[in-house]
Amino acid sequence: MPDRRRKGSGEDVFMQSLIRDLVKEIGEDPHREGLWQTPERVAKALRYLTSGYGQEVSEILNGAIFTEDCDQMVLIKDIDIFSLCEHHLLPFFGKCHVAYIPKRKILGLSKVVRLVEMYTRRLQVQERLTQQIAQTLKRAVQPRGVGVVIEAYHFCMMMRGVEKQNSKAVTSAMLGTFQTRPEVRNEFVQLINHTR
Ligand SMILES: [Zn+2]
């Protein structure tokens, strides 16, 4: 696969030809003016939206884990997420809330956001995305507990089939004390719902 991509050359020849075929298959003329450069633009967009495949946890975390005596909840809420549903290749988007209770190790706040971005820029289902973020944070800082909640709207639900424009999917992953201690989970949920 990598040799077909010709990444970095500003071209992505194989993917562009696939998209040209797709446009034709839909019943359009890929050579008309408005569509002429579409394969190039779509290839570029898709590479960006799936750039999480080219990243690894270790390079994101590198040098960003610190020893600290903090044992209170750390919460990063309202992280905007944009991902692609792997069943329809249509976007889903919303908010992600990540919390953990450290056990002497903390992670740079911006790195939490970058972890979320890495996993969202892959083909996903919301359930797995939620778990991956929680499990990665757990492995990285071995905290007392981790909580991740994602609230998202799915274009595959909004634009087709049931056309439920206002239904939001909510998924959560609770590990450690977030799972075993209701008061911890409640604090997390209250902080998330607290009006901004
Ligand atoms: Zn879908």
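The values are calculated or read from the model by the stated rules, or taken from the named source; none is laboratory data. The structure displayed is predicted, hence computed values, not measured ones. No Cβ is skipped: glycine too gets one built from the backbone with ideal geometry, and neighbour counts run over all protein chains shown.
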| said: Here is a list: ALA43, ALA99. Which entry is touching a residue at least 60 places away in the same chain (Cβ under 8 Å) and not β-branched (Val, Ile, Thr)? | reply: ALA99
| remark: The residue from GLU68, GLU59 that alone is under 22 Å from the mean Cα position of the chain (by Cα), surrounded by fewer than 15 Cβ atoms within 10 Å (Cβ to Cβ) and at pLDDT below 95 is GLU59
| query | When the residues of the range 120-148 are filtered to those that are aliphatic (A, V, I, L, M) and within 16 Å of the ligand (Cβ to nearest atom), which remaining residue is nearest to the chain's Cα centre (by Cα)? | reply | LEU129
| What is the number of the single condition among (1) assigned to a strand (DSSP E or B); (2) buried (at least 16 other Cβ atoms within 10 Å of the Cβ) that LYS111 does not meet? | (1)
| query | When the range 154-196 is examined, which residues are found to be in a strand (DSSP E or B) and surrounded by fewer than 17 Cβ atoms within 10 Å (Cβ to Cβ)? | reply | ALA169, VAL170
| query | For the range 57-81, which residues satisfy the criterion of being free of Cβ contacts under 8 Å to residues at least 40 places away in the same chain and touching a Gly at 6+ places or on another chain (Cβ under 9 Å)? | reply | GLY63, ASP80
| request: Kindly check whether there is at least one residue in the range 101-108 that is part of a helix (DSSP H, G or I) and either over 16 Å from LYS77 (Cβ atoms) or within 13 Å of the ligand (Cβ to nearest atom) (or both). | output: no
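Conditions tested, residue by residue: (1) within 16 Å of the ligand (Cβ to nearest atom); (2) under 19 Å from the mean Cα position of the chain (by Cα); (3) closer than 21 Å to LEU89 by Cβ.
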{"site": "GLU117", "(1), (2), (3)": "no, yes, yes"}
{"site": "ILE150", "(1), (2), (3)": "yes, yes, yes"}
{"site": "GLY161", "(1), (2), (3)": "yes, no, yes"}
{"site": "ARG181", "(1), (2), (3)": "no, no, no"}
{"site": "ASN193", "(1), (2), (3)": "no, no, no"}
